1. Only one of these is closer than 21 Å to Leu196 by Cβ and either modelled with pLDDT under 95 or in contact with a helix residue (DSSP H, G or I) (Cβ under 7 Å, 6 or more places away or on another chain) (or both): Gly10, Gly28, Gly59. Name it.
2. When you scan segment 193-218, how many residues do you find that are more than 11 Å from the ligand (Cβ to nearest atom), out of contact with any helix residue (DSSP H, G or I) (no Cβ under 7 Å at 6 or more places or on another chain) and not polar (S, T, N, Q)?
3. Restricting to segment 48-79, count the residues that are within 10 Å of the ligand (Cβ to nearest atom) and among the hydroxyl-bearing types (Ser, Thr, Tyr).
4. Could you list, in sequence order, all residues of segment 25-42 that are in a helix (DSSP H, G or I) and over 14 Å from Phe89 (Cα atoms)?
5. Report whether or not Asp142 is farther than 29 Å from Asp64 by Cα, touching a Phe, Trp or Tyr at 6+ places or on another chain (Cβ under 8 Å) and within 11 Å of the ligand (Cβ to nearest atom).
6. Restrict the check to segment 157-168 and report whether at least one residue is within 12 Å of the ligand (Cβ to nearest atom), in contact with a helix residue (DSSP H, G or I) (Cβ under 8 Å, 6 or more places away or on another chain), closer than 26 Å to Val215 by Cα and among the hydrophobic types (A, V, I, L, M, F, W, C).
7. Just to be sure, is Pro150 within 29 Å of Val55 (Cβ to Cβ) and surrounded by fewer than 12 Cβ atoms within 10 Å (Cβ to Cβ)?
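The values are calculated or read from the model by the stated rules, or taken from the named source; none is laboratory data. All values derive from a computational prediction rather than experimental measurement. Quick reminder, even Gly has a Cβ in these numbers, built from the backbone with ideal geometry, and neighbours come from all protein chains shown.
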Amino acid sequence: MAGKRLILMGPPGGGKGTQAKRLQDRYGIVQLSTGDMLRAAVKAGTPVGLKAKAVMDAGQLVSDDIMINLISERIDQKDCANGFILDGFPRTLAQAEALDKLLKDKGIKLDKVIEVAVPDERLIERITGRFTCGTCGEGYHDKFKQPKRPGVCDVCGGTSFTRRADDKAETVVARLKAYHDQTSPLMPYYKAKGTLEVIDGDRDMDVVSRDLERVLGT
Ligand code: AP5
């Protein structure tokens, strides 16, 4: 698995982040979540963060130029040499084409694109129930993944938790629309290249992880 370059695709709340973190912990290939990068930029008040905040809060997509620069610079960092998992990028055809070009220029080959498919009706419950440890960032869910001791993070013992500003039900509808309009067309794009694998993400998290490992041949 070391050295693999993967893209995890799928709808908002489909489990990309959950599965990417598991792959990172298990195989030491770094998770590159563009959503996390943007949230860090918003928190730090950087120029990118200032531009992205309102767009993200409305459930729309941040401009292709910003995203392509962000990912191009990130892939050059040392920790990506052992492989990476793109989580949330590319999200438009322009981003996918720019990614092809920048990987070619950097002499990097993409191994697989994996779509974690989940029907829309499951996603609102998944997203609105999500919360995160404010100290270490471990992800939880009101129904599907509660801390073992209520109010205490399993990983770091932290007791403060946060919910994302864009995880309100009304914003989720806009995020789903953006996904269907702008990101779904990438599936035929990667299918035509022969790199796309689709797995059923509408199952228990551990079952999805095992299926992912099967697809990756590990
Ligand atoms: P981003 O942060 O990428 O959000 P997203 O794609 O909407 O995906 P999520 O993080 O909501 O979901 P996920 O698939 O990671 O699911 P998770 O594992 O957390 O992007 C946010 C915003 O940033 C975008 O709207 C956009 O504005 C901007 N942006 C980012 N990238 C961009 C780009 N490239 N171009 C333009 N704009 C960009 O799971 C969700 C919940 O379900 C969790 O609580 C989890 O515990 C639970 N769960 C997971 N798997 C299961 C399961 N199998 N069964 C039951 N529950 C499960």
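1. The unique qualifying residue is Gly10.
2. The qualifying residues number 9.
3. 1
4. Asp25, Arg26, Tyr27, Arg39, Ala40, Ala41, Val42
5. For Asp142, the condition - farther than 29 Å from Asp64 by Cα, touching a Phe, Trp or Tyr at 6+ places or on another chain (Cβ under 8 Å) and within 11 Å of the ligand (Cβ to nearest atom) - is met.
6. no
7. no
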